Amino acid sequence: MGAVTDATREELIKLRSDETAPGLAQLALDLARAIDEAEAPTAKAAVARELRGVMADVRRLAPVEEEGDALDDLARRREARRRTG
C-alpha cells in the first residue's frame with residue numbers, strides 16, 4: 001500500500017469509523033488508493049479534494065473522545081490540590 005492509504009487507514013481506525021460510517025470509511029480508503037496509484041498531478045488533486053471532503057464527514061460522525069485538553073488537566077490538578085491540602 002501507499003503512504004496516503006496507510007495514513008488514511010490509521011486515521012480511520014483512530015476515529016473508529018467502522019462503527020459510525022463504514023461506507024464512508026471504505027470510500028475514503030478507495031480514494032486514498034487512487035491517490036497513491038495516480039500518475040497525473042491533476043488527477044491526484046481532484047481525488048485528494050474528494051478524499052478531504054469524505055474525511056471531513058467521517059470526522060464529524062466520529063464519537064467524541066474523552067481525552068481532555070489543557071484546561072481539563074488544570075482542573076484535575078486543582079481538584080487534586082484541594083483534596084490533599
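The table below gives the values:
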quantity: Every residue from segment 34-43 that is open to solvent by 80 Å² or more (accessible area, probe 1.4 Å) and in a helix (DSSP H, G or I); calculated: E37, P41, T42
quantity: Matching option when the condition is more than 15 Å from the chain's Cα centre (by Cα) and at pLDDT 95 or above, among D36, D6; calculated: D36
quantity: Residue match in segment 78-85 (condition: open to solvent by 90 Å² or more (accessible area, probe 1.4 Å), modelled with pLDDT of 95 or more and not polar (S, T, N, Q)); calculated: no
quantity: Residue count, segment 10-33 (criterion: over 16 Å from L61 (Cα atoms) and of a type outside the set (D, E)); calculated: 4
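The values are calculated or read from the model by the stated rules, or taken from the named source; none is laboratory data. Just so it is clear, the structure is predicted and the values come from calculations on it, not from any experiment. Each accessible area value is taken on the protein alone, full model and side chains, heavy atoms only, with ligands, DNA and RNA left out. Shrake-Rupley method; radii C 1.70, N 1.55, O 1.52, S 1.80 Å.
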